[in-house]
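Notes follow once the structure below has been shown.
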Amino acid sequence: MILGCVLAGGQSSRFGSDKALAELGGRTLIARAVDALSGWCEHVVVVGREEAPAPTLPDWPRPGMGPLAGIAAALHLARDEDYEAVLTCGVDSAVL
């Protein structure tokens, strides 16, 4: 089984607004990322946000540590729930 993980914990400081909620073709980037991973993974989580179109996880060991904290959180969940692999995707990796 593969666990999908959308990395969405950034501050979007250079972007100027919440990048995950930016729309492309009428859909948010976060929704596009979740949908893209759903085609490959048995379960998808969003790391680094409290609200998302999929279950969420906090960064591990704490917020503000960048994408590696999101990957660490996903790896802990994968270990605890017996997933064989983790497939990650940045929230800004839009799929048209």
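The values are calculated or read from the model by the stated rules, or taken from the named source; none is laboratory data. Keep in mind that what you see is a predicted model, and the values were worked out from it rather than measured. Counting neighbours? That spans all protein chains shown, and the Cβs are built from the backbone with ideal geometry, glycine included. Side chains are part of the model used for accessible areas, which takes the heavy atoms of the whole protein and leaves out ligands, DNA and RNA. Shrake-Rupley method; radii C 1.70, N 1.55, O 1.52, S 1.80 Å.
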Say whether the condition of being touching a Ser or Thr at 6+ places or on another chain (Cβ under 8 Å) and modelled with pLDDT under 95 is met by at least one residue in the stretch 5-18. yes
Search result, residues across the stretch 68-96 that are closer than 16 Å to Thr56 by Cβ, part of a loop (DSSP other than H, G, I, E, B) and open to solvent by 40 Å² or more (accessible area, probe 1.4 Å): Glu81
Looking for whichever is more than 10 Å from the chain's Cα centre (by Cα) and modelled with pLDDT of 95 or more here; the options are Ala33, Ala69, Ala74, Ala54. Which one fits? Ala69
Consider the stretch 1-59. How many of its residues are assigned to a strand (DSSP E or B), open to solvent by less than 70 Å² (accessible area, probe 1.4 Å) and basic (Lys, Arg)? 0
